[in-house]
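This report concerns only the one structure given below.
The values are calculated or read from the model by the stated rules, or taken from the named source; none is laboratory data. Quantities reported herein were computed from a predicted structural model and do not represent experimental measurements. Because the Cβ atoms are built from the backbone with ideal geometry, glycine has one as well, and the counts that use them run over all protein chains shown.
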Amino acid sequence: MSAPAHQIKRGVSLYSFQEEYFLRTMSVEDCIRVAGEIGATGIELIPEQMIPGFPHVSDEFLADWSAWMEKYGTTPVATDLFLDTKLHPDRWLSQEEQVASVCRDVDIAVRLGATVVRAIINTPPEVMEEAAPYAEEQGVRLLLEVHAPFHYGHPWILEHLEVMYRTGSPALGLMPDMGTYVERFPRVVSERALRDGAKPELVDYIVKTYDDHGDTHALTDVVNYRGGGPVDFGLARQATHYIWSEPKAMLEHMPLIGHVQAKFYEMTLDEATGAEVEYSIPYDRIVPVFVEGGFDGYLSSEYEGNRHIQDAFPVDSVEQVRRQHAMFARLLGETTGEDA
C-alpha cells in the first residue's frame, strides 16, 4: 500500500489517560511511555492536571520531563490553557488579567518545549489579539479550540477569524476538536443513560432524532411532555452539545489549523472489513480532508469514553488509544487494514 503524500503526525493528549492518572494506576511517566509505545509520539499536556505545583513548574519536573521525552522517543507538542475568568468570586477578570494569564501559560509551554498552546473556547478574540505578539516572540502558536457545539459559521468563531485574518499574526490559529463531527450519537452515552434509569423509549427517540439530524433543541419539550425524568432531560440536553457538520468546511481555514484534538468516545471493529473505526465520528471521511488540505501537524488523541462506562465496565484508556492509532495508521497509509 503506497502512503499518501502528507506530513501528518500522530500524537496523544495525556488527558486521554485521565481515569488511570486519577486512580494513580498510571503516572505522568507511564502516560508518556505508553504513548511512545503506541506510536503517538507527539505529547499534549494539560499543565493544571499533571504538573505538581501548577502554575509553578519546578526544575525537578522539567528535568524529569526532558528525560522522559528522550527515553520514550516523544516530543512535546502542545499544552492546554484554561482562562479562569471567574477566579475572583465577586468580579470577572479584566482584559489585562486575562492577557497576563494567557502569557503565563505561553511561558509554561516554552519551558516544556511545546510550540502550540490550546486556547479554550471562552478566550475572547481581543485577548488573543493582545497576547499574539508575546506568543510570536516566544515562538508559540495560540490556537483557538473549535469545540462542539461551535462551528466555523458560529458568531463567536467568526469574531476570532476576523482577528486572525485581519492581523495575519503567525501566532494565531485554530485547533479543531473532532467532537464537531459526531455523526451518530455516542453509544456509550445513551447506554449509560439507560443504566442510570432513563426511559428506553425516550432514549431511542433522542438517539434517532440526533442520528437523523433532527431538531435536537426540541427534545427537552418532548421529554417534558412524555414525562421524562432528570436522566432523560440530561440526555436531551447532551444531544444539543454534540454537532455534525461537514468536515470539508475546514479546507477554507486549513492554513490556520496547527493542531487537531482527535476526540473519540468508542473504538469498534467494522464488521465488514475488520478495521478499527470510531462509532460516532467518521474518521475515514475526516482524515482525507487533512491530507487534501496539506495539514502537517499532529492528530492528537483525546479519549472521552471513560466517564461514560466507568460505572459498569473496566476502563482501559490505553487500549482505546492504541486502537485509535491503529485506525490512524491505516488512514494515513502507514499500514494496510490487515497490518492494523
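Structure notes:
- Hits in segment 1-60 (condition: assigned to a loop (DSSP other than H, G, I, E, B) and aromatic (Phe, Trp, Tyr)): Phe54
- Some residue of segment 240-254 being assigned to a helix (DSSP H, G or I), touching a Leu at 6+ places or on another chain (Cβ under 7 Å), crowded, with 20+ Cβ neighbours inside 10 Å and not aromatic (Phe, Trp, Tyr): no
- Flag for Tyr210 being in the same structural domain as His154 (by TED's automatic domain parsing) and buried (at least 18 other Cβ atoms within 10 Å of the Cβ): no
- Within segment 31-57, being among the charged types (D, E, K, R), surrounded by 15 or more Cβ atoms within 10 Å (Cβ to Cβ) and more than 18 Å from the chain's Cα centre (by Cα) holds for one residue alone: Arg33.
- Checked across segment 153-167, the condition of being outside any helix (DSSP H, G or I), surrounded by 17 or more Cβ atoms within 10 Å (Cβ to Cβ) and among the β-branched types (Val, Ile, Thr) holds for no residue.
- Looking across Arg111, Arg184, Arg104, one residue alone is of a type in the set (Lys, Arg), touching a Leu at 6+ places or on another chain (Cβ under 8 Å) and closer than 25 Å to Gly11 by Cα. It is Arg111.
- Taking the criterion of being more than 21 Å from Ala148 (Cα to Cα) and of a type in the set (Gly, Ala, Ser), the residues of segment 114-134 that qualify are Ala114, Ala131, Ala132.
- Matching residues in segment 126-139 - criterion: being surrounded by fewer than 24 Cβ atoms within 10 Å (Cβ to Cβ), under 21 Å from Gly297 (Cα atoms) and without any contact (Cβ under 8 Å) to a residue 40 or more places away in the chain: Glu136, Glu137, Gln138, Gly139
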